[in-house]
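Notes to accompany the following structure.
Read the figures in this text as sums done on the coordinates, not as results from a lab. What you are looking at is a predicted structure, and each value in this text was computed from that prediction instead of being measured. Please note: Cβ atoms are built from the backbone with ideal geometry, for glycine as well, and neighbour counts cover all protein chains shown.
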């Protein structure tokens, strides 16, 4: 295991755990190399009644403050489709990973699922081109997703497109992806959304995040709460917050037994 960037020969790993408590609330935890957050979502059977967030490890000093914007979910009617959260709160005002976890927790509540555990694994890919904002285009590779220990997706990738298997070949990871998942069953759509996000985050292994003092130096704008124009200059890098789970995920989600 090496801290040399770009990281090669290993993999990015993301775990998400969702469980329904005895009182019906859902506790969700998410962890990968760059993020570790947890939340509790409470409800009255139809609408969200409370949401609480723990920011265990995040890349910038501003990230935990995004949790306040998730309070707009309180009073909203729950949906069985996790991506419907985008109709309830403005995504760009959120921490992307809190936002995704809240959407999964909402759907978990609405569908009355007991326990679900995702693990996404994306082997490292080579940089084939650089774009504005220090964005990297990555070459051929693969990605897979386990749900409760069983593989539910396995994609081949090249740049920002899925190249296999045949039923996914030619599907971009950005354009048209949401429209595609809207036509799928709830379980299939949720799995695809979880793996897609993990793939997008995995590119972080190609660039040392500790090279930057604040978010504004990354050359990105508006992609999430921290990168909003009004926040990015004050968003300081949390040096040393990046971990490397390429060899094992056994120590991930260390606070899994806790309820935020």
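Give me the one-decimal Kirkwood hydrodynamic radius in Å for region 1-151, with the sum taken over alpha-carbon pairs.
For region 1-151, the Kirkwood estimate is 16.8 Å.
Could you tell me the center-to-center distance, by alpha carbons, between region 215-247 and region 150-208 in angstrom?
The distance from the Cα centre of region 215-247 to that of region 150-208 comes to 23 Å.
Is the shape of region 176-260 best called rounded, prolate or oblate, per the rule: a/c under 1.5 gives rounded, else a/b larger than b/c gives prolate, else oblate, with a ≥ b ≥ c the square roots of the Cα gyration tensor eigenvalues?
oblate
In what sequence do 70, 228 fall when counting other Cβ within 10 Å, fewest first? Show your work: numbers first, answer last.
Working: 70 24, 228 17.
Least to most surrounded, the residues fall as 228, 70.
As a test of understanding, state the convex hull volume per residue of region 79-132 from its alpha carbons, in Å³.
Details: hull volume 6.3 nm³, N = 54.
Normalising the Cα hull of region 79-132 by residue number yields 117 Å³.
Could the peptides 134-140, 25-31 be put in order, highest first, of the mean number of other beta-carbon atoms found within 10 Å of their residues? The partial results should precede the final answer.
Details: 134-140: 15.0, 25-31: 23.9.
Ranked by mean Cβ neighbours within 10 Å, highest first: 25-31, 134-140.
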